[in-house]
1. Please name whichever of A:L113, B:G119, B:N206 sits farthest to the positive end of the charge dipole of the protein assembly as shown, dipole taken about the Cα centre and charges placed at Cβ: Lys and Arg +1, Asp and Glu -1.
2. What trypsin sites (Lys or Arg not before Pro) does region A:183-262 have in DSSP loop regions with at most 15 other beta carbons within 10 Å?
3. List every residue whose amide H lies under 5 Å from the amide H of A:F89, counting only residues 5 or more places away in sequence or on a different chain, with H placed 1.01 Å from N in the peptide plane.
4. Please work out the Cα center distance from region A:152-202 to region B:18-56, rounded to the nearest Å.
5. To the nearest 20 debye, what charge dipole does chain B have about its Cα centre, counting +1 at the Cβ of each Lys and Arg and -1 at the Cβ of each Asp and Glu?
6. Using the alpha-carbon atoms, what tilt in degrees (0 to 90, nearest 10) does helix A:248-277 show relative to the longest principal axis of chain A?
7. Only sites in a loop by DSSP and with at most 16 other Cβ atoms within 10 Å count here; which trypsin sites (Lys or Arg not before Pro) in region A:89-133 make the cut?
8. Cβ under 15 Å from B:R180's Cβ, B:R180 left aside: what net charge do those residues give with Lys, Arg +1 and Asp, Glu -1?
Amino acid sequence: MSGARGSKALGAYALERLLNAVPLVLGVIVVNFLLVSLAPGDPVTALIGEYPAPPDYVERVRAQYGLDAALPERLLRYLGSVVRGDLGFSFANRQPVATLVIERLGRTLLLMLTTVVFATAVGIVLGVWAARRPHSAVDRGATGFALAGYSIPEFWLGQILILVFAVGLGWLPAGGFRSIRADYAGWAAVVDQVRHMVLPMLALSFRYMAITTRLTRASLLEVMNADYILASRARGLSERRVLWEHGLRAAALPIITVIGYNFGFIVAGSALVETVFGWPGVGRLMYDSIFTRDYPVLLGILLLVSVSVILVNLLTDVAYALFDPRVRY
Amino acid sequence: MAVPVPAAARAAAVGGLAGFWRQFRRHRTGVFGLAVVVVLVLVAVFAPWLAPTDPFTTSRAALQPPGTPGHLLGTDHLGRDVLSGVIWGARVSLIVGLAAAFTATVIGILVGAVAGYFGGWADELLMRVTELFQIIPRFVLALIVVAFFGSGLVNLILVIGILSWPQTARLVRSQFLRHRTLPYVDGARVVGMRAWRIIFVEILPNVLAPVIVVASLDIAQAILLEASLGFFGLGDPNLRSWGGMLNTAQQYVRIAWWMSIFPGLAISLAVLGFNLVGDGLNEATDPRLREGA
């Protein structure tokens, strides 16, 4: 297959996946709408929250969503305003919900992306180590770690990390986004930021690392007996190169899939970990919004996070197709 | 080789329940998981007799470290006994875990069976809905629903159950797709058996083994989700749960590590137990894995 034809087909495939995502996004909006409609009491409460709002704003919301109209018309109006980017107003934060959530989303993404990169890298290394000598002590250790990592709640791990590294050893700050009192600039500011990020990232990484370790090990063990691996061994390639180059190529695809599939779980994990460490991202905002009963913020987060999960899945699908020529697109 | 052997026949071939146990016993981690689960069940059942005090009883002995006379695992900021909280919390976790996983399994079987057996537009529609439920972050949606509708035990079970069925549905669907073209199903159809009887009496028993594996992993996930909601302050306010204990512990991490360590350890062990049992069941019921081992 020529390169030009390949990329064209890939474009078509990406477009097809994009079209597939549209009903999902619509579905997410409908779920949101149903939550507003089914919420006990007045839907206005769900749209405004229990924070005291000026009466004229209440009236405006009532008119905007046609709350006296029939359900289908209300759904259309709701769809219309969501498509225009209007997710309501947060009175607790005195900011439009969309602006507020997107601002916080940046900090959460910073934490999540570092976690994904770090956890994937460590997970692959552990998985390869384990697969090199199945049933050895190293393998048992890595497998045991994977099982434990999959079972420990992130937020508890966060508390333990604070206990050990912040309270006990005093090496790292126990929470926050950056040092408030110090006025760092340039390199010092970056170092300060990284120091604040290490513990939340570790807490968030565990589960993900466990999944990647397990997966890398399993897919390596599966391919290590394949003919082409035997062939490269026969050609005299060192075991090390066979493992890292050929084995890993085979493991790459399941790992990509798992990144997409588990993205939603990291979002949840990051909500919990942010709360433990006072990291001012979307998760912390969610925690605060529950106590201020700031419902439009919660619904806005659900919407934006779901849409980003759809996007990440789209990207991983396309990446999968790029990596594996066997995928028919 | 491509002829799938129904699970019932497989179990019979290796000697029924005893044979199954022989297979399961070979996986030491699975047996360990089972032991953890058994202990958890015993603690939950006998909580009133095991716990030194009522988990809500406050005392003037606040923030006492472990080893304090009468408080083996210490006390929290209100002087409540941590050990009693951990023991009673086992009940909450186990009830939510079992009931939510059961709910999810029932929904998953219904959705998957209908989609897989009938195919066509029903399949198309149900799979779209399944995809939607897989995309929406479970924790965030659960949080909102519980915040709206209240965090009583029944609500928690229903919410977690209703959000956890997609994996089972996909599994059951793929199994039904395979089985519906097999001779024994054709035969049932030819003699005029009704669709629902074919689904539940003929096919379902043959596909139950992998469903049970997923169900035990679902229990682990449900326990984790309940604990996460509890940590966000959305547990049943009338019950002492492990997640709820960690919520209060958050403010005292620096001065009272025992408030955090023990409930967290309990969650991790319970989740690990059910995960290991699931793994063990998987290996014991899957002949491919057995021959490979």
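1. Sorting the options by dipole projection puts first B:N206.
2. A:R235
3. Here the answer is A:V97, since their amide H atoms fall under 5 Å of that of A:F89.
4. 38 Å
5. 460 debye
6. Once rounded, the angle reads 40 degrees.
7. On the way: sites: A:R94, A:R104, A:R107, A:R132; in loops: A:R94.
Here the trypsin sites (Lys or Arg not before Pro) that fit, given the DSSP loop and packing criteria, are A:R94.
8. Numbers: positive: B:R173, B:R178, B:R189, B:R194, B:R197; negative: B:D123, B:D186, B:E202.
Here the count lands on +2.
Every number here is computed from the coordinates shown, using simple stated rules; none is lab data. All figures in this text were calculated on a predicted structure; none of them were measured in a lab. Reconstructed Cβ throughout: ideal geometry from the backbone, glycine too, with neighbour counts over all protein chains shown.
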